Structure formats: C-alpha cells, structure tokens
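FYI, it's all coordinate maths here, none of it is from the lab. No experiment lies behind these values; they were computed from the predicted model shown. Please note: Cβ atoms are built from the backbone with ideal geometry, for glycine as well, and neighbour counts cover all protein chains shown.
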Amino acid sequence: MKIFLDANICLDLLDTKRPTSLNSIDFYKKNIDNDFYFSGDFITTFYYVMTERKKYDKKETIKAIDLLSKRITPIYIEHNDFLNAQIDFF
C-alpha cells in the first residue's frame, strides 16, 4: 500500500518530544512494509519548525531531514501535474 504522510506526522517522526510523536512512530512501525511518501514542499516547514520554533541545531536538523527523505520518499508536484490531472478528470 502507498501511504502519504501529513507534515505533522513527519514532524512527529523528526521530533520525539511532540505530544503526538509516540502515536506517529507506532503507526509508522506497524506499517513499515508499505511505501511512505510526503510532499517535498514540507521540507522547508520541517526546517523552520525544528530550528526556529523548537531551536534544534541547524546541522542536526538537516541530517534528520536527510535521513527522513531516505526512508520516506518526498514527492514534488509541479503545476503541470495538476493541469494533466484536471484533463483526465473532466
């Protein structure tokens, strides 16, 4: 199965101090045999939240995001993807 993760679930995986982190980690572990994806556009959000709001070290944050991106595939959508989907739908 292909599973697309919300930004908050990814943040839970990156920051285990978040109150919902244990639930997200448990979900990820239970479904480890599936293909996971997240929007590549979330990466700037991850970096901002981790470094500016949570005050994590910038280099460590980049390492953590890099590791996340190796285990969970980032997907980058371009505007043409939307236009093509629209044509197929209508």
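Here are a few things to note about the model shown:
- Inter-centroid distance (Cα atoms) of the stretch 1-18 relative to the stretch 21-90, Å: 7
- GNM flexibility winner over the chain from N23, N80, N31 (Cα, springs under 10 Å): N80
- Extension reserve of the R53-D66 stretch, reckoned as 0.36 nm per residue once the Cα distance is removed: 2.7 nm
- Computed per residue of the chain from DSSP H runs no shorter than four, each worth -39500 (n - 2.57), the mean residue ellipticity at 222 nm is -16500 deg cm²/dmol.
- Here is the list for the stretch 22-90: trypsin sites (Lys or Arg not before Pro) lying in DSSP coil, each with at most 15 other C-beta atoms within 10 angstrom of its C-beta, are K54, K55.
- P(r) tail fraction, the chain - alpha-carbon pairs more than 23 Å apart, %: 30
- The dipole here belongs to the chain: it is taken about the Cα centre, uses +1 on the Cβ of Lys and Arg and -1 on the Cβ of Asp and Glu, and is about 540 debye.
- Under 15 Å, Cβ to Cβ, from K58 - net charge with Lys/Arg +1 and Asp/Glu -1: 0
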